[in-house]
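Note sheet for the following structure.
The values are calculated or read from the model by the stated rules, or taken from the named source; none is laboratory data. Model, not experiment: these values are computed from the prediction. All Cβ positions, even for glycine, are placed from backbone atoms using ideal geometry, and neighbour counts span all protein chains on display. Accessible surface areas use protein heavy atoms only, side chains included; no ligands, DNA or RNA. Shrake-Rupley method; radii C 1.70, N 1.55, O 1.52, S 1.80 Å.
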There are 2 protein chains.
Amino acid sequence: VAKKEFDPAAVKALTFDVFGTVVDWRSSIAREAAAFGKKHGLELDWDTFADSWRALYQPAMEKVRTGERPWVPLDVLHRQNLDRVLEDSGVSGIDEAEIANLNLAWHRLDPWPEAVEGLTRLKSRYIIGTLSNGNIALMVNMAKHTGLPWDVILGSEVARAYKPQPEAYLRSAAALGLAPEQCMMVAAHNPDLLAAAECGFRTAFVLRANEYGPHQRANRTAADGVDISAVDFNDLADQLGC
Amino acid sequence: VAKKEFDPAAVKALTFDVFGTVVDWRSSIAREAAAFGKKHGLELDWDTFADSWRALYQPAMEKVRTGERPWVPLDVLHRQNLDRVLEDSGVSGIDEAEIANLNLAWHRLDPWPEAVEGLTRLKSRYIIGTLSNGNIALMVNMAKHTGLPWDVILGSEVARAYKPQPEAYLRSAAALGLAPEQCMMVAAHNPDLLAAAECGFRTAFVLRANEYGPHQRANRTAADGVDISAVDFNDLADQLGC
């Protein structure tokens, strides 16, 4: 299949996946969980703990996507998943406030090293917004924590749908008053990009080769049909003439 | 009634009315309408035109508030109101694209002189967000046009309710994961502040003495019960220790 020709000037907004694409969730969660463990005298492998918590992410959202439960903010799903991981790890008797605080570790994730610089460059030419499954409070607190210069927070809470459901993309574009082809989805994950492309979005792959640690095998190259492939946000800014 | 004591550190987010409080809608609309008129050979009083267009704003939203019609973005109401003002002014035969562009004048309103500087100071300590009846696209385009450094766009489209309905305030606070008393509504209009206060928000009045032109009589002082009264955003930043 021939690629549609790509014209950067036809794009008005860049919409970003956030977990893994903008921020390094795995290191940040493992670090906060390790601090939590140290405080409470727990000895666990905290990288594995982070992976186990994250592994419950897609199944939890799937219950919303299928209609088994109504839409709830990701903070709620993260908390239910955390309770389960703690229980599976044999952890009990921790104060509610401590667990609530650990759940908010997702609001304090650190960006990849060049993310703020790259986003600032991209913002000079485009509307830049989140199109994440994270809820508004999570995205705003993360941005304040780390200086992410978003123009707008879109995604699951505005759309009341979790990616890769088409509504998540289409309602985000509509909220900007834009046609899907005026929006470019930026993500380190090909399934997210391909779902956005199905909705008419342009797409940019950004390599985050260590998102899942040193042995990551998925998402090391852009899938066929993706418009742009970049090694980081500065490379994306270069390719988009920012 | 004794004022509740006000503690700036208990507030986490400042939520802003926008039309009149952040931007000078009247001068901007009159200027764009005059340019439109010149292009099409129309002779009207464009300050009056701006006032007539704005006069239809509250009645149009009222039909949504009462449930007479479902929620639609403000862009849609602005356009219906524009069509009516043009008809009432005896204007006809103008190209659709020209009218659509004039409707987007609301996306290009200029800020009051110190607004960007003041918001930038306030942003250093607080989450700053819109809590306007304007829709997301309108708010984002206005911010890009003029450099307003919002952390988040809230208000009518996120809440699916038009101020002063309580849902507009309460759902905006909830989207930030905050209790109403952790939010401070900032507006040049006492009715907006009093409606927010009814929902538990803290309140800051900012004087915009010429919003409605040189003869404005309303909203020249803060109503009883408002927490802070400021002459502009820099004064507000001073009072909040930013």
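Residues that are out of contact with any Gly (no Cβ under 9 Å at 6 or more places or on another chain), open to solvent by less than 60 Å² (accessible area, probe 1.4 Å), under 19 Å from residue B:26 (Cα atoms) and not in a helix (DSSP H, G or I) within segment B:113-132 comprise just one, B:114.
For residue B:137, the criteria (1) open to solvent by 10 Å² or more (accessible area, probe 1.4 Å); (2) within 12 Å of another protein chain (Cβ to nearest Cβ); (3) in contact (Cβ under 8 Å) with a residue 24 or more places away in the chain hold in every case but one, which is (1). Among the conditions (1) open to solvent by 10 Å² or more (accessible area, probe 1.4 Å); (2) in contact with an Asp or Glu (Cβ under 8 Å, 6 or more places away or on another chain); (3) closer than 30 Å to residue B:200 by Cβ, the only one that residue B:20 does not satisfy is (1).
Within segment A:23-49, the set of residues being within 15 Å of the chain's Cα centre (by Cα) and open to solvent by less than 50 Å² (accessible area, probe 1.4 Å) comprises A:23, A:24, A:25, A:26, A:28, A:29.
Every residue, every condition in (1) closer than 23 Å to residue B:31 by Cβ; (2) open to solvent by 40 Å² or more (accessible area, probe 1.4 Å), yes or no:
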{"site": "B:51", "(1), (2)": "yes, yes"}
{"site": "B:67", "(1), (2)": "no, yes"}
{"site": "B:80", "(1), (2)": "yes, yes"}
{"site": "B:96", "(1), (2)": "yes, yes"}
{"site": "B:105", "(1), (2)": "yes, no"}
{"site": "B:108", "(1), (2)": "yes, yes"}
{"site": "B:146", "(1), (2)": "yes, no"}
{"site": "B:151", "(1), (2)": "no, no"}
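If the condition is being in contact with a Leu (Cβ under 9 Å, 6 or more places away or on another chain), within 14 Å of chain B (Cβ to nearest Cβ) and either open to solvent by less than 10 Å² (accessible area, probe 1.4 Å) or part of a helix (DSSP H, G or I) (or both), then segment A:161-179 contributes A:171, A:172, A:173, A:175, A:176.
Among the residues making up segment A:180-212, those that are open to solvent by 30 Å² or more (accessible area, probe 1.4 Å) and of a type in the set (Asp, Glu) are A:181, A:198.
For the residues B:110, B:151, B:192, the requirement of being under 17 Å from the mean Cα position of the chain (by Cα), facing another protein chain (nearest Cβ under 10 Å) and among the charged types (D, E, K, R) singles out B:151. When segment A:148-160 is examined, which residues are found to be in contact with a Leu (Cβ under 9 Å, 6 or more places away or on another chain) and assigned to a loop (DSSP other than H, G, I, E, B)? Answer for segment A:148-160, where residues must be in contact with a Leu (Cβ under 9 Å, 6 or more places away or on another chain) and assigned to a loop (DSSP other than H, G, I, E, B): A:148, A:149, A:150, A:154, A:155.
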